[in-house]
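Read-outs: derived from the displayed coordinates by stated rules, not from any lab. What you see is a predicted model; the values in this text were computed from it and never measured. Don't worry about glycine lacking a Cβ; one is built from the backbone with ideal geometry, like all the others, and counts go over all protein chains shown.
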Amino acid sequence: MTPGRRYVGQRVARIEDRRLLTGAGQYLDDIVLPGMLHVAFLRSPHAHARFRLVDTAKARAVDGVVAVLTSADLDSLVKPLTSGINDSGESMGNGIRPTSRAVLASHKVRHVGDAVAAVVACSRYLAEDACELIDVEWEPLPAVMGVEDSLLPDAPLVDDALADNVALEVEVHAGDVERAFAEASVVVEKTVRHGRSHAAPLEPRGVVADWSADLLTVWTSTQIPHLVRAELAVLLGLPEGRIRVVVPDVGGGFGLKAHIFAEELVIAAAARIVRRPIKWVEDRYENLAASTHAREMLYHVEAALAADGELTAFRARITGDAGAYSCVPYTPWVDVGMAANCLIGLYDVENVAYRASSVFTNKCQTGAYRGVGQVVAAVARESIVDDAARALDVDPVELRLRNCIPSEPRRTVLGHDYDGGTYRECLERVREAADHAQFRQRQQALREQGRYLGIGYCLLIEPGAFGTRQVRAHGSHRAFIDTVRVTVEPDGSVVVATGLCSNGQGHETSLAQVAADGIGVRLEDVRVVQADTETTPFSMGSRASRSAVVGGGATMRAAHEVRDKLLAIAAHALEIAPEDLIIEHGQAYVRGTPTRSFTIRELAQIAYFEPERRPASLAEPALVATRTYDPEPTFSNAAVAAIVDVDILTGLVQVERFFYVGDCGVMLNPMIVDGQVSGAVAQGLGDALLEEISYDQNGQLLSSSLMDFLYPSTTNVPEIEVHHFETPSPVTQGGIKGVGESGTIGASAALVNAVADALAPFGVVIDRTPMTPDYIRSLVAATVDRAIAPHIAS
Amino acid sequence: MKLENAFTVAAPANRVWETLLDLEQVARCLPGATLNSAGTDRNYTGELRVRLGPMSVTYRGTAQLTEIDTKAQTVILLIDGKETRGHGSASATITNRIIADGDATTVLVETDLVVTGRPAQFGRGIMQDVASATLAEFSRCLSEMISSTDTPQASSGAGNDTGGDRIRELRAPSFLAILRRLVRQRLSRVVGRSRESD
């Protein structure tokens, strides 16, 4: 085994699984503090209404109720939650409208589930009962329920402070798009209505807050503890140094928990008012109605092609349904901006134009969700490429290969710095895995028997590892840095402290692998401490496929710095040059003479307690290093293929096989990567076939439980066949790339294409997601002659 | 949510018209409805209990006959209720129009129903189905009531404290029966389809 690479790259069993799988995990709801009270929110039953709190006395009078808090009680303690404003108070750019809201609605609710009061009581039961006793006078207003309605001149205003319902609007033009379209031999266009999706983590949101001795401690199920602390500090008027944000084990986040929520502010303020610890754990209804939704967008896309199939231009008009509020800290830009920016994918296109906007409606706010924006972009792009292939009567994979950029690093026309990979190779490999030619034969044979199978592909690149340059290339003003501290304790054990926080990704294992290799110790001697602002250094959080790159990179740097100290001590003690020493398996020894050695423990003892044995050059002997990392932009790439079996009578889509071939650079732990891919694919499958948040025309939430918002399960998700290429990134520490989302990005688009391919004999166009049985049936029915098949046409 | 029903009874238009103007009689046909007290001018307070699967919701509110247009033979029944526990609401504007057709009379019932809160959000589409089944039941019951010769006459006074009990004695269509029928309908829809396709 190569020295320095004992653990990285190995399928090391996950360290945290013993705890998590034996039920010993400590999640938010497991936190119990002495004297702790519970909160239930009174949430709006209306999509849009003015209201007046007539009477809260009856609720207050319930035995066990400690307080009923409304906007009036909180406004003096909590500043409004603002969005779309940069640190100097100006608009963030990208045509984003700055907005501001009270943490509890004060006179108007903007969506079903909008919170208007918080009842603090001895138990959640009592708090919920008391909510029902609050007397509210509702004056329902007409609700804006779609992007088209939202833009009508007489549309009701969702946010009374704005002149219209536009949340953001931006236009980008690169190259000579008009000319490319004018000169095109073939122009294909389509509009896809991407459904309103939702991350639906198994563990919903939750917050516990406690004020004691001038310290506010907030436990919250989040992906971004340091950013939550920063927001709490600003809005509560406290120094960050007096706030501690702790993240317990998290049962899934998927981007939903990478926001700052009004509830976090309310619970913190409520704990200050009642001077007792307070807990709020949202129920499934609250999660579905009032956290964040995602993806709902109208995506109109056009592609220009030369007669030989060369793609010359893309043009898009994208309108997102932002919901009622501008999510913090991203604004609705996170969805439509990424959907626009990821339009070209891996295609060699030099002319691109888009107009992206997002509008407010009377629905729950939308925000980040795994594959943010990119899922929508991939569905639009990859399905129009298939449309183009049909128009040109060429094989869809061949058309993709014809237009795929070479695998070397390059700057795209939209200013993104791809760092190279295996762009064509993945597609060729996935076609081989799916046995494309053989499938076509089987497809034809089965069609003759009335069975409709289809194959669909998606070629994609995933921007990951958001550092400052990557974020700015995607239109944000923010700077992104992450810091990791590595300590070798006096007994030689190692602690890695990071503000990143696993929501299930396995950081305790992957970062321990990096640290163990970086220093040269055994994996079992390393412990990873995460996500507590008191004990871990600053981090921008675990989101956007960044933890492996930024966490791995910073851990590597810090581990190397500590190793250098150990080497200096060992070299001094052995009277040899540090270059002639090797540290591995927790031993430092002379190259070629393993008997001349020290254990890490012995070296640590010298470092901490034996100044006489230390080299004079080691001015600061404590074995600790805190290092920061802000990676250059890096992108993983993948090609996926799905084979589906569509039952045209029931409209049910069965995914028969799913193939993923990806390249995320150096894999810290291929087993964890495979897990990420599989979970991501399942989520993409849900997006494409099952999961949809729906409202009726009055804004009532129809998918208010998991009875109607359908998770994929073992019966829907096939075995996912995963293959990897491993092209180290030339620009990141250790060659690592991010890979948390590409499965989701690829799955939706591949499934849309597979269903379209299956239904090709009917000449249907897939123009929405999810492709529910009702939708498939309606598509087929519209094309079938009633006389021949009345049972389908009805 | 807009729903339309129509029924024809073998009774003269004036008889039908009178029945429609008698809210206590009309209320007997609304499953789960109880009229508590009569206010002035055809304005009643009452309760409506609805069962949706595991959920039971009681609305308290008002029912009012309004826009009584003898010439056009239309009358509007406005029902407006709030959940007795919780913050949801239900309101219905039921427009009844009478068309005389010889000895028979046709009643067109147009309902505009707005429900908010948990019942509206429970089980996609169930509320719609329950509402339309309930309205169908309401129409059927009214039609039976009008055509039956032994229809109990409404008390001459504008309701009293025992009115609710008396009304409850009458066999009102139950929600359980409606739900059973809905399930049957849905099943037969699916089974029927696949049989046809065989």
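Points to keep in mind about this one:
- Put simply, of A:ASN403, A:ASN341 the only residue that is under 19 Å from the mean Cα position of the chain (by Cα) and more than 24 Å from A:ASN287 (Cα to Cα) is A:ASN341.
- Enumeration of residues in the range A:602-617 that are crowded, with 18+ Cβ neighbours inside 10 Å and not aliphatic (A, V, I, L, M): A:GLU602, A:ARG614
- Within the range A:681-700, the residues that satisfy the criterion of being of a type outside the set (A, V, I, L, M) and either away from every other protein chain (no Cβ under 14 Å) or touching a Leu at 6+ places or on another chain (Cβ under 9 Å) (or both) are A:GLN683, A:GLY684, A:GLY686, A:ASP687, A:GLU691, A:GLU692, A:SER694, A:TYR695, A:ASP696.
- Residues in the range A:251-278 that are under 20 Å from the mean Cα position of the chain (by Cα), outside any loop (DSSP other than H, G, I, E, B) and farther than 17 Å from A:LEU42 by Cβ: A:LEU256, A:LYS257, A:ALA258, A:GLU264.
- Being crowded, with 24+ Cβ neighbours inside 10 Å and touching a Cys at 6+ places or on another chain (Cβ under 6 Å) is a property that holds for A:GLU382.
- Of residues in the range B:39-75 being crowded, with 16+ Cβ neighbours inside 10 Å and part of a loop (DSSP other than H, G, I, E, B), the one nearest to the chain's Cα centre (by Cα): B:ARG42
- Any hit, the range A:664-672, residues being within 14 Å of another protein chain (Cβ to nearest Cβ), not in a strand (DSSP E or B) and not small (Gly, Ala, Ser): no
- Residues that are at the interface with chain A (Cβ under 10 Å from one of its Cβ atoms), of a type in the set (S, T, N, Q) and touching a residue at least 40 places away in the same chain (Cβ under 8 Å) within the range B:89-131 comprise just one, B:GLN128.
- The sole residue among A:ARG478, A:ARG429, A:ARG447, A:ARG522 that is in contact with a strand residue (DSSP E or B) (Cβ under 7 Å, 6 or more places away or on another chain) and charged (D, E, K, R) is A:ARG429.
For every residue, the table says whether it meets (1) crowded, with 24+ Cβ neighbours inside 10 Å; (2) touching a Leu at 6+ places or on another chain (Cβ under 9 Å); (3) without any contact (Cβ under 8 Å) to a residue 40 or more places away in the chain; (4) hydroxyl-bearing (Ser, Thr, Tyr).
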residue: A:ALA619; (1), (2), (3), (4): no, no, yes, no
residue: A:THR628; (1), (2), (3), (4): no, no, no, yes
residue: A:GLY651; (1), (2), (3), (4): no, yes, no, no
residue: A:PHE658; (1), (2), (3), (4): yes, yes, no, no
residue: A:VAL661; (1), (2), (3), (4): yes, yes, no, no
residue: A:VAL666; (1), (2), (3), (4): no, no, no, no
residue: A:MET671; (1), (2), (3), (4): no, no, no, no
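- The range B:9-38 - residue that is part of a strand (DSSP E or B) and under 16 Å from the mean Cα position of the chain (by Cα) and, of those, farthest from the other protein chains (Cβ to nearest Cβ): B:LEU35
- A:GLU726 vs. criteria surrounded by fewer than 24 Cβ atoms within 10 Å (Cβ to Cβ) and either touching a Ser or Thr at 6+ places or on another chain (Cβ under 7 Å) or farther than 30 Å from B:SER89 by Cα (or both): yes
- Residue within the range A:31-40 that is touching a Leu at 6+ places or on another chain (Cβ under 7 Å) and away from chain B (no Cβ under 14 Å) present: no
- Taken over the range A:471-497, residues that are buried (at least 24 other Cβ atoms within 10 Å of the Cβ) and in contact with an Asp or Glu (Cβ under 8 Å, 6 or more places away or on another chain) amount to 3.
- Count of residues meeting criterion [more than 14 Å from chain B (Cβ to nearest Cβ) and buried (at least 17 other Cβ atoms within 10 Å of the Cβ)] in the range A:701-715: 1
- Residues being within 12 Å of chain B (Cβ to nearest Cβ) and not charged (D, E, K, R) - total across the range A:125-141: 7
- Among (1) of a type outside the set (Gly, Ala, Ser); (2) surrounded by 24 or more Cβ atoms within 10 Å (Cβ to Cβ); (3) more than 30 Å from A:ARG440 (Cβ to Cβ); (4) more than 14 Å from chain B (Cβ to nearest Cβ) - the single one A:GLN733 does not satisfy: (2)
- Restricting attention to the range A:166-185, the residues that are surrounded by 16 or more Cβ atoms within 10 Å (Cβ to Cβ) and over 26 Å from the mean Cα position of the chain (by Cα) total 6.
- Residue match in the range B:77-88 (condition: in a loop (DSSP other than H, G, I, E, B) and away from chain A (no Cβ under 13 Å)): no
- Scanning the range A:441-497 for residues that are charged (D, E, K, R), touching a Lys or Arg at 6+ places or on another chain (Cβ under 9 Å) and more than 21 Å from A:GLN513 (Cα to Cα) yields A:GLU462, A:ARG472, A:ARG478.
- Just one residue in the set A:LEU265, A:LEU343, A:LEU311 is in contact with a helix residue (DSSP H, G or I) (Cβ under 6 Å, 6 or more places away or on another chain) and either more than 23 Å from A:ILE745 (Cα to Cα) or free of Cβ contacts under 8 Å to residues at least 40 places away in the same chain (or both); that residue is A:LEU265.
- Scanning the range A:528-554 for residues that are part of a loop (DSSP other than H, G, I, E, B), polar (S, T, N, Q) and either at negative phi or surrounded by fewer than 24 Cβ atoms within 10 Å (Cβ to Cβ) (or both) returns A:THR533, A:THR535, A:THR536, A:SER539, A:SER542.
- For the range A:353-370, the tally of residues that are touching a Leu at 6+ places or on another chain (Cβ under 7 Å) and either polar (S, T, N, Q) or not in a loop (DSSP other than H, G, I, E, B) (or both) stands at 4.
- The single condition from (1) closer than 30 Å to A:PRO332 by Cα; (2) within 11 Å of chain B (Cβ to nearest Cβ); (3) surrounded by fewer than 16 Cβ atoms within 10 Å (Cβ to Cβ) that A:GLY113 fails is (3).
- Which numbered condition A:GLU719 misses (of (1) surrounded by fewer than 24 Cβ atoms within 10 Å (Cβ to Cβ); (2) within 14 Å of another protein chain (Cβ to nearest Cβ); (3) not aliphatic (A, V, I, L, M)): (2)
- Residues of the range A:462-485 satisfying the condition of being aliphatic (A, V, I, L, M) and in contact with a His (Cβ under 9 Å, 6 or more places away or on another chain): A:VAL471, A:ALA473
- Test: A:THR626 is in a strand (DSSP E or B), more than 33 Å from the chain's Cα centre (by Cα) and not basic (Lys, Arg): no
- Within the range A:454-492, the set of residues being charged (D, E, K, R) and over 17 Å from A:GLU382 (Cα atoms) comprises A:ARG469, A:ARG472, A:ARG478, A:ASP482, A:ARG485, A:GLU489, A:ASP491.
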